[in-house]
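Structure first, then comments.
The values are calculated or read from the model by the stated rules, or taken from the named source; none is laboratory data. All figures in this text were calculated on a predicted structure; none of them were measured in a lab. A quick note on method: Cβ atoms are made from the backbone with ideal geometry, for glycine too, and the neighbour counts reach across all protein chains shown. Quick note on the areas: whole protein, heavy atoms, side chains included, nothing else; ligands and nucleic acids left out. Shrake-Rupley method; radii C 1.70, N 1.55, O 1.52, S 1.80 Å.
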Amino acid sequence: MEKLDQIYEGKAKKVYATADENLYIVSYKDDATAFNGLKKGTIVGKGIINNRMSNMMMQLLEKKGVPTHFVQELSDRDTLVKKVHIVPLEVIIRNVSAGSFAKRYGVEEGIVFDEPTIEFSYKNDELGDPLINSYHALALKLATKDEIELIKTYAFKVNEVLKEYFLSLGVKLIDFKLEFGKTSDGEIVLADEISPDTCRFWDAKTNEKLDKDRFRRDLGGVEDAYREIFARITK
Ligand code: ADP
Ligand code: UDP
């Protein structure tokens, strides 16, 4: 399958049409942004790592009963996926306080929750992806009630699967962002990516950050962190 017209260029990926109207090719770039595009940079090799890691996670999740957009890895940076209408919600699951949660509620990072939390942001760059709840999502007609329920169920299932998987590699899954989409058949599937760009990973022993926070917070060792998490999943 070959790339035809470019449909979209985002901050981290490009999306291309293919000869099959139900399939897209996503192409992962090394470009990195943070703070809604305010901070820009390059993380050398990131596109390759995120592509391959995301595909591995999607295949693991499929096996565990979560439908995904993944079809086939085409090359280091390119993957064939089911074309979906993205539900304009960023679905965030947290196991441990960090990032905007810690800031918003005035707590330190690293507090382990008794139960995971879920929150939604309205995926809208102009508005700065505002936090919304599922009633707001319904009011805005972003998805139906049943779709929102299914998305919540899948999101918690993803957390169960990935938390256990990463712990077996000596990594704590702190939080992550998911996007879901609707296929031409009306099926809700997990889309976009699962990578160090979209998850927080802390080494289980040292709490060292193995994710994009190294870039966001100028901690140094950004490329090494991506390589380290990738080395663990491919060992
Ligand atoms: P952003 O749009 O935030 O800059 P990216 O650079 O990652 O993000 O761009 C990829 C875009 O493709 C995102 O808007 C994402 O929602 C969308 N996308 C991801 N998977 C699919 C898919 N299977 N079908 C259609 N669009 C998708
Ligand atoms: N996240 C993401 N894209 C976003 C916002 C957040 O992938 O646009 C991920 C982020 O990597 C982290 C989780 O979602 O794993 C929670 O992020 P948080 O709300 O703490 O926001 P941040 O600290 O990134 O502003």
Could you say which residue among D213, D185, D224 is open to solvent by less than 20 Å² (accessible area, probe 1.4 Å), over 10 Å from the mean Cα position of the chain (by Cα) and either of a type in the set (D, E) or more than 22 Å from Y165 (Cβ to Cβ) (or both)? D213
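Which one of L127, L169 is out of contact with any Pro (no Cβ under 9 Å at 6 or more places or on another chain) and within 16 Å of ligand 1 (Cβ to nearest atom)?
Working: L169 fails: within 16 Å of ligand 1 (Cβ to nearest atom).
After ruling out the rest, the residue left standing is L127.
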Please find, among V87, V189, V96, V158, the residue that is of a type in the set (A, V, I, L, M) and either away from ligand 1 (no atom under 16 Å from the Cβ) or without any contact (Cβ under 8 Å) to a residue 24 or more places away in the chain (or both). V96
Tabulated pairs, the stretch 1-22, first outside any loop (DSSP other than H, G, I, E, B), second surrounded by fewer than 14 Cβ atoms within 10 Å (Cβ to Cβ) and hydroxyl-bearing (S, T, Y), C-beta under 9 angstrom, 6+ apart or interchain: K14/Y8; V15/Y8; Y16/Y8
Filtered residue count, the stretch 23-47, keeping only those that are out of contact with any strand residue (DSSP E or B) (no Cβ under 7 Å at 6 or more places or on another chain) and part of a helix (DSSP H, G or I): 0
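Collect the residues in the stretch 36-46 that are within 18 Å of T79 (Cβ to Cβ) and crowded, with 22+ Cβ neighbours inside 10 Å, keeping them in residue-number order. Before you say what the answer is, go through the steps one by one.
From the stretch 36-46, those within 18 Å of T79 (Cβ to Cβ) are 45-46; that's our starting set.
Scanning the stretch 36-46 gives a single hit, K46.
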Write out, first by first residue and then by second, each pair whose Cβ atoms fall under 6 Å of each other, whose residues are 6+ apart or on separate chains, and whose first residue, in the stretch 125-140, is of a type in the set (V, I, T) while the second is modelled with pLDDT of 95 or more and surrounded by 11 or more Cβ atoms within 10 Å (Cβ to Cβ). I132/F120; I132/Y122
Against the conditions (1) closer than 17 Å to Y226 by Cα; (2) surrounded by fewer than 19 Cβ atoms within 10 Å (Cβ to Cβ), where does A12 fall short? Just the number, please. (2)
Can you tell me which condition D31 does not meet? The list is (1) without any contact (Cβ under 8 Å) to a residue 24 or more places away in the chain; (2) away from ligand 2 (no atom under 15 Å from the Cβ); (3) surrounded by fewer than 18 Cβ atoms within 10 Å (Cβ to Cβ), and all the others hold. (2)
